[in-house]
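Written below as structure tokens is the structure these notes are about.
The values are calculated or read from the model by the stated rules, or taken from the named source; none is laboratory data. Everything quoted here is computed from the prediction, not taken from an experiment. Please note: Cβ atoms are built from the backbone with ideal geometry, for glycine as well, and neighbour counts cover all protein chains shown. The accessibility values were calculated without ligands, DNA or RNA, using every heavy atom of the protein model including side chains. Shrake-Rupley method; radii C 1.70, N 1.55, O 1.52, S 1.80 Å.
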Amino acid sequence: MRHGIRQLRSGWADGPAYITQCPIQTGQSYVYNFTIVGQRGTLWWHAHIGWLRSTLYGPIVIHPKPDIPYPFPHPYKEVPMIFGEWWNADTEAVINQATKTGGGPNVSDAYTINGLPGPLYNCSAKDTFKLNVKPGKTYLLRLINAALNEELFFSIANHSLTVVDVDAVYIKPFETDIIIITPGQTSNVLLKTKPYHPGARFLMMARPYVTGNGTFDNSTVAGILEYHHTTTSTSTKKLPFFKPNLPALRDTSFVSNYTNKLRSLNNAQFPANVPKNVDKHFFFTVGLGTNPCPRNQTCQGPTNKTMFSAAINNVSFVMPTKALLQTHFLHQSLGVYTTNFPTSPQNPFNYTGTPPNNTMVMNGTKVVVIPYNTSVELVMQDTSILGTESHPFHLHGFNFFVVGQGFGNFDRNKDPAKFNLVDPVERNTAGVPDGGWVAIRFLADNPGVWFMHCHLEVHTSWGLKMAWVVLDGQLPNQKLLPAPTDLPKC
């Protein structure tokens, strides 16, 4: 799956299993054929079935056209840095076990930078990512969070970073010592090295931002920033180390302040085309819930008679056994999916207050159908059912504008007056704040079936996902192209 590529009219190349294609079977192949239109920056690709993306991922770097410069100082060098996880266990066995017992899955054994865990774990000092730099230069770090289940804080000791781009969209640059990046998100940052050799080495560290009540991998990955020295390497090894200060694990106020700094560049060359008029309003609650334990079985969910689940508007999405895009295109949706996904909660409650006693979810393969070119506003509201939690949501096929966010319950009468419709950040993955809400807008100008899901893989496995069906427009260039001949079969 090519995370963040718009896939205009080429949804067949989007990648998520049972949404836009059947999985590629052992020994088979499939050519992803697509054109990148009007995008530049850092995106990434990953497997999109089960938990296979734990090890199957990589960067996608799209350079501007040769005659178009960056809207920031041209870097001396560009370096992709992908945060991932190290698992001693087979991740498919981990989630299969959790699904069977209804409990929370086991956690990763370490975090990695470009596949390397680094010196803070017991046995991996030799497996450390090192960034060798020269004094007085500007480096562009292309950061990607490919971890399955953890949002991450990142910082480099004694160096500040300038954020210039998120999810392959330029933003108004701002300086920070610490980055917050959720699974699925990317961020381009400028690192300006010191004008002289500092006589020290600097740790680059990442560790989780934690919300919710589940277990998590409470460890720290480190890489090393080293200044290029003309003398022998033995002298480098004797240099002192400096460590960055990272926020506390549950520092939600830092995250909120950081995300509020993100603003689209919004100039003549890179405008922010925020939909000003809205055709359709949607209000989605997002959070955890339960399913009943199978009869005569003891489970490991919130009680021994329940299993963990997750739902949008209390609908926990059931993966179909046929690909939704093909059934939509061939008008064969009967028995595969229904079009009655609730556009707002069917039983409203005090979403971030005392949770209701009944935490059971509905299960179904339900989608929302919207006409081509519909202007959509979607408010996603976290709930306190089984504890509030931050949920990084990713929408396939589109970028969206984050026009508002806040804590507590969204107030339809007061909050829209505070929406930023001038220069909101444009991205493809945004966090629903812990115990709060986020409002996004997008123009549905891309026909097809588009997955939307929490990018914490444990929540996706529990059903925190849904799909948008965007109908064809009237003109030939507003219609989904036919399926490729080598499309995998279920």
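Some notes on this structure:
- Solvent-accessible area per residue for the chain (1.4 angstrom probe, square angstrom): 43 Å²
- Judged by a Cβ-Cβ distance under 4.7 Å, the unpaired cysteines of the chain are 123, 454.
- Charged side chains reduced to their Cβ positions (Lys and Arg at +1, Asp and Glu at -1) give the chain a dipole of some 600 debye around its Cα centre.
- Residues 130, 238, 414 ordered from highest to lowest accessible area at a 1.4 Å probe: 238, 414, 130.
- Amide hydrogen neighbours beyond the local backbone of residue 374, cut-off 5 Å, H modeled: 444
- With every protein chain in place, the chain: carbon and sulfur % of accessible area (1.4 Å): 52 percent
- Segment 23-29 - phi-based ³J(HN,Hα) in whole Hz, Karplus 6.51/-1.76/1.60, Gly and Pro as x: x, 6, 6, 3, x, 9, 9
- Ranking 259, 26, 128, 99 by solvent-accessible area of protein heavy atoms (1.4 Å probe, all protein chains present), from largest to smallest, gives 26, 99, 259, 128.
- Candidate lysines for bridging to residue 194, where Cα separation is under 26 Å - those fewer than 8 sequence places away on the same chain excluded: 77, 130, 134, 137, 172, 237, 238, 243, 261
- Whichever lysines have a C-alpha closer than 16 Å to that of residue 322, once near sequence neighbours (fewer than 8 apart) are set aside: 366, 489
- Rounded to 10°, Cα long-axis angle of helix 91-101 versus longest principal axis of the chain: 40 degrees
- The chain, relative contact order [Cα under 8 Å, separation at least 6], %: 17 percent
- Computed extension gain for residue 137 through residue 481, at 0.36 nm per residue and net of the alpha carbon distance, reaches 119.2 nm.
- Per-residue Karplus couplings for segment 316-332, computed as 6.51 cos²θ - 1.76 cosθ + 1.60 with θ equal to phi - 60°, are listed in order as 8, 6, 9, 5, x, 9, 10, 6, 4, 4, 5, 5, 5, 4, 8, 6, 10 Hz, Gly and Pro entered as x.
- Heavy-atom accessible area for residue 462, with the other protein chains in place and a 1.4 Å probe, reaches approximately 40 Å².
- Over the residues of the chain, the helix contribution to mean residue ellipticity at 222 nm works out to -2000 deg cm²/dmol, using -39500 (n - 2.57) for each DSSP H run of at least 4.
- Taking the DSSP bridge list for the chain and keeping only pairs wholly inside it, about 75 percent are antiparallel.
- Gain in span if fully extended, residue 257 to residue 26, counting 0.36 nm per residue against the direct Cα distance: 78.5 nm
- Amide hydrogen proximity for residue 369: with H placed 1.01 Å from N in the peptide plane, the residues at 5 or more positions away or on another chain lying under 5 Å are 469.
- With Cα atoms as the point set, the chain shows a radius of gyration and Dmax of 22.6, 71 Å.
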